[in-house]
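Student: Following this message is one structure expressed as structure tokens.
Quick note: the coordinates plus some simple rules give every number you see, no bench work behind them. Values in this document were obtained by computation on a predicted structure and should not be read as measured data. Cβ placement follows ideal geometry from the backbone for every residue including glycine, while neighbour counts extend to all protein chains displayed.
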Amino acid sequence: MDKLIWWIFAGTSGGPNRARIVKALNKRPYNANQLAEKLNLNYSTIRHHLKILTDNQMITSSGENKYGNMYFLSAKMEENYNILSEILKELS
């Protein structure tokens, strides 16, 4: 999983925004609109990153692509959150 985490958060241009999303979701669940407001990002940008994170099993949602779905860290991401923290420290 650590290679995938490196690629998702450090190997692509959207990595910093995906890291911000995961850090926010580590504190509490949010829906896409709440994340857009909290992180001051465009709603469509948030949706794009949520899809990537969901497709790579880093986050999960409360439903099937409905407006207002709440997003949570997946069990895999919770187990490997320390790897993300180490990567972010190394990148700073």
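Student: Cross-link partners among lysines for Lys89, C-alpha distance below 23 Å, same-chain residues fewer than 8 apart left out?
Tutor: Lys3, Lys23, Lys27, Lys38, Lys76
Student: Turning to a different aspect of this structure: Give the residue from Ile52, Asn82, Pro29 lying farthest towards the positive end of the charge dipole for the chain; charges sit on Cβ (+1 for Lys and Arg, -1 for Asp and Glu) and the dipole is referred to the Cα centre.
Tutor: Going by the charge dipole, the pick is Pro29.
Student: Next question, about the same structure. With a sphere of radius 10 Å drawn around the Cβ of His49, what net charge do the other residues whose Cβ falls strictly inside it have (Lys, Arg +1; Asp, Glu -1)?
Tutor: Net of charged neighbours comes to +4.
Student: Sorted from largest down, what three extents in whole angstroms do the Cα atoms of region 2-91 have along their principal axes?
Tutor: So the three principal-axis extents are 34, 25, 21 Å.
Student: Continuing with the same structure: Do you know the relative contact order of region 2-91, to the nearest whole percent, from alpha carbon pairs under 8 angstrom that are 6+ apart?
Tutor: This gives 31 percent for region 2-91.
Student: Please compute the modelled spin-label separation between Glu86 and Met70, points set 7 Å along Cα→Cβ, answer in nm with one decimal.
Tutor: 3.2 nm
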